[in-house]
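Report on one structure; see the data block that follows.
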Amino acid sequence: MRSLALAVCIAVLLAPNVLGTNIALGTDYFSTAFGTKVDFGPPIGIVYFKGGAPCAGTADTMVERQAEAVVPPGGGTAPPIPIQIVCLSLRSISPVSIGGTFYNVFVKLDPANLSHDTGTMTISEKPDFKVGTFKSSLNVYFEADLVPMSSGPSFSVFGHEIFTTNSGGAPWARGYPRGTFLVIGPVGDQAANKHTEPGPDIEDIFPVGIFDESHLLNSHRVHLCKTDLDADDGERVELGTDYYATQSGTHINFGAGIGDVQFTGRPIVGTADTVIQRRLDAIVSPGGTPATIPIQMVGLSLQSTAPVRIGATFYNVFVVLDPAHLADDKGHMIISENAGGAGGSFRFYVSVFYEAHFVPVSGGTGFSVFHLLRFRKSGTIWRSTPPGGIMIVHGPDNGSSAEEFANLHSGLGPNEKDFFPVGVFDECVTRITGGCNSADHRIRLAPTP
């Protein structure tokens, strides 16, 4: 009998997650990502946002998980837990024009409804106990303060949204990438996202990548916030965002039945209709080995220069990024620095999944075309100082959302520099060597709004 009892005890100890797993309560610290927007309706319209003044560390958004999530033995889905957004700080990427007056827009939680900014989160864990997904629904009562850039009165707009994650949920993992902003505390510490001495059945989780909390046209895209990482050696071209305006000569050949369509830009942020983010610092050396970094197209908005005739119907054509493939609009950029260290050349490759809306000019039902373009460019010049008359987005060099959105950074060290492409250049899709017959996106840095 004693041997049987001992065998049972050993089996229980060796069986994975026999008693289930408690995912510790705590706080998730987020940075706002590109694509965050609010449709205020006329006369303000849609405003795109970056992170504002930090809530804690570099985080502009803080969400508390206010109870442990108990995952059943062997993995599965825990009962929903209560959550609450306790800090939100956003700022418009570019000033917004209302009746000829330019305003900066700042969003925070509505002070009169802080106790109502609540919701639930449902956490699922896979059988390997290392990764899983979560879904959430969250009430957000917000105040948007519109502050004129020059003279005139400010005013505020109040709103309420219920933001939910997409139907498939957002991924999480036990581990976290280097540079993640951490708040360390004992189990039970509501402010912590990494807990000390959690025990065998208590674990932390960290959301992976960028995920959306959305409602209708409004969306808050976030990822785990991080701290700034210093380079071990060499000079750095600072990560950031490049804001472009589409130029004449841009076209897409849709093939038989539609043909070649010429496009112009339709601004989404300030004067920019195309937005590309450089995700990492490029470690370069004057006249030395080029650096390869990941890039992502995060914004695209084009419209046909004239209606397109298909059969007997004329259509206006509008091109945007395909919402189903936002995470796939990726590529790489190779940056070289010249011997003087104040600029150089770059080349890149990026995949762009787009949706083309064909809207009948005279009304009626339109249709959409979905496709993938692979743009390439080589031999373009960049400088470390901004040319006059371009759209500037300021940000600190601190790992925050504002750093990611900036093209001109404050607080750079002596070996750090910004990145500004020079002149007009082509993003080209070729069918014939040396040409841009399939598609050509001609862009240059967006001008001052």
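The values are calculated or read from the model by the stated rules, or taken from the named source; none is laboratory data. Just so we're clear, the structure is a prediction, and the values are computed from it rather than from any experiment. FYI the Cβ positions are ideal-geometry reconstructions off the backbone, even for glycines, and counts take in every protein chain you see. Note: accessible area is taken over every heavy atom of the protein model, side chains too, but ligands, DNA and RNA are not part of it. Shrake-Rupley method; radii C 1.70, N 1.55, O 1.52, S 1.80 Å.
Here are some conditions: (1) in a loop (DSSP other than H, G, I, E, B); (2) in contact with a His (Cβ under 8 Å, 6 or more places away or on another chain). Pro387 meets all but one. Which one does it not meet?
All conditions pass for Pro387, except number (2).
Give segment 67-93 a look and list any residue that's open to solvent by 40 Å² or more (accessible area, probe 1.4 Å), of a type in the set (Val, Ile, Thr) and more than 19 Å from Thr118 (Cβ to Cβ), or say none.
Residues satisfying the conditions are Val70, Thr77.
Among the residues of segment 418-427, are any farther than 18 Å from Val275 by Cα, touching a strand residue (DSSP E or B) at 6+ places or on another chain (Cβ under 6 Å) and in contact (Cβ under 8 Å) with a residue 24 or more places away in the chain?
no
For segment 255-272, does any single residue satisfy the condition of being closer than 30 Å to Gly341 by Cα and outside any loop (DSSP other than H, G, I, E, B)?
Yes, segment 255-272 has at least one match.
Could you check Ile295 against (1) of a type in the set (Val, Ile, Thr); (2) without any contact (Cβ under 8 Å) to a residue 12 or more places away in the chain; (3) within 23 Å of Ala439 (Cβ to Cβ) and say which number it fails?
(2)
Starting from segment 47-66, take each residue that is under 15 Å from Ala144 (Cα atoms) and open to solvent by 40 Å² or more (accessible area, probe 1.4 Å) and list its partners that are among the hydroxyl-bearing types (Ser, Thr, Tyr) and outside any strand (DSSP E or B), counting only C-beta distances under 7 angstrom and pairs at least six apart or across chains.
Going by the 7 Å Cβ cut-off, the qualifying pairs are Tyr48/Thr36.
For Ser124, state whether it is hydroxyl-bearing (Ser, Thr, Tyr) and either over 29 Å from Asp201 (Cα atoms) or free of Cβ contacts under 8 Å to residues at least 12 places away in the same chain (or both).
no
For Asp426, which of the numbered conditions (1) open to solvent by 20 Å² or more (accessible area, probe 1.4 Å); (2) outside any strand (DSSP E or B) fails to hold?
(2)
Take residues that are among the β-branched types (Val, Ile, Thr) and open to solvent by less than 30 Å² (accessible area, probe 1.4 Å) and tell me which of the strands (runs of 3 or more DSSP E) falling wholly in segment 120-181 contain 1 or more. Talk me through it step by step, then tell me what you get.
Numbers: elements: 131-148, 155-164, 170-173.
It comes to 131-148.
Residue check: is Leu280 assigned to a loop (DSSP other than H, G, I, E, B), under 14 Å from the mean Cα position of the chain (by Cα) and either closer than 17 Å to Gly331 by Cβ or not hydroxyl-bearing (Ser, Thr, Tyr) (or both)? Don't jump to the end; show me each part of the working.
On the way: assigned to a loop (DSSP other than H, G, I, E, B): yes; under 14 Å from the mean Cα position of the chain (by Cα): yes; either closer than 17 Å to Gly331 by Cβ or not hydroxyl-bearing (Ser, Thr, Tyr) (or both): yes.
Criteria met by Leu280.
Does Ala327 qualify as being modelled with pLDDT under 95, of a type outside the set (Asp, Glu) and either open to solvent by less than 50 Å² (accessible area, probe 1.4 Å) or not in a loop (DSSP other than H, G, I, E, B) (or both)?
Spelling it out, Ala327 is indeed modelled with pLDDT under 95, of a type outside the set (Asp, Glu) and either open to solvent by less than 50 Å² (accessible area, probe 1.4 Å) or not in a loop (DSSP other than H, G, I, E, B) (or both).
Are any residues in segment 15-37 open to solvent by 20 Å² or more (accessible area, probe 1.4 Å) and at pLDDT 95 or above, and if so, which ones?
Selection gives Leu25, Lys37.
What single numbered condition from (1) over 28 Å from the mean Cα position of the chain (by Cα); (2) open to solvent by 40 Å² or more (accessible area, probe 1.4 Å) fails to hold for Lys377?
Tallying (1) over 28 Å from the mean Cα position of the chain (by Cα); (2) open to solvent by 40 Å² or more (accessible area, probe 1.4 Å), Lys377 fails exactly one: (1).
Only one residue in Gly341, Gly379 is at pLDDT below 95 and part of a loop (DSSP other than H, G, I, E, B), so which one is that?
Gly341
Each row is one residue, and each column tells you yes or no for (1) over 30 Å from Arg236 (Cα atoms); (2) polar (S, T, N, Q); (3) touching a strand residue (DSSP E or B) at 6+ places or on another chain (Cβ under 7 Å).
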{"residue": "Ile295", "(1), (2), (3)": "no, no, yes"}
{"residue": "Gly299", "(1), (2), (3)": "no, no, yes"}
{"residue": "Ile310", "(1), (2), (3)": "yes, no, no"}
{"residue": "Asn316", "(1), (2), (3)": "yes, yes, yes"}
{"residue": "Asp329", "(1), (2), (3)": "no, no, yes"}
{"residue": "Ile335", "(1), (2), (3)": "no, no, yes"}
{"residue": "Gly343", "(1), (2), (3)": "no, no, yes"}
{"residue": "Arg347", "(1), (2), (3)": "no, no, yes"}
{"residue": "Arg374", "(1), (2), (3)": "no, no, yes"}
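Of all residues in segment 182-207, which are open to solvent by 60 Å² or more (accessible area, probe 1.4 Å), in a loop (DSSP other than H, G, I, E, B) and free of Cβ contacts under 8 Å to residues at least 40 places away in the same chain?
Residues satisfying the conditions are Glu197, Pro200.
From Ile210, Ile202, Ile98, grab the single residue that is among the β-branched types (Val, Ile, Thr) and in contact with a helix residue (DSSP H, G or I) (Cβ under 8 Å, 6 or more places away or on another chain).
None of the others qualify; the one that does is Ile210.
Please work out which one of (1) surrounded by 21 or more Cβ atoms within 10 Å (Cβ to Cβ); (2) touching a Lys or Arg at 6+ places or on another chain (Cβ under 8 Å) is the condition Ile334 fails and give its number.
(1) is the only condition that Ile334 fails.
Looking at (1) part of a strand (DSSP E or B); (2) crowded, with 20+ Cβ neighbours inside 10 Å, which is the one condition that is false for Val369?
Of everything listed in (1) part of a strand (DSSP E or B); (2) crowded, with 20+ Cβ neighbours inside 10 Å, Val369 misses just condition (2).
Find the residue count for segment 138-175, including only residues that are under 20 Å from the mean Cα position of the chain (by Cα) and polar (S, T, N, Q).
Residues flagged as under 20 Å from the mean Cα position of the chain (by Cα) and polar (S, T, N, Q) within segment 138-175 amount to 4.
Mind checking which residues of segment 347-364 are out of contact with any Lys or Arg (no Cβ under 8 Å at 6 or more places or on another chain) and in a strand (DSSP E or B)?
Phe353, Tyr354, Glu355, Ala356, His357, Phe358, Val359, Pro360
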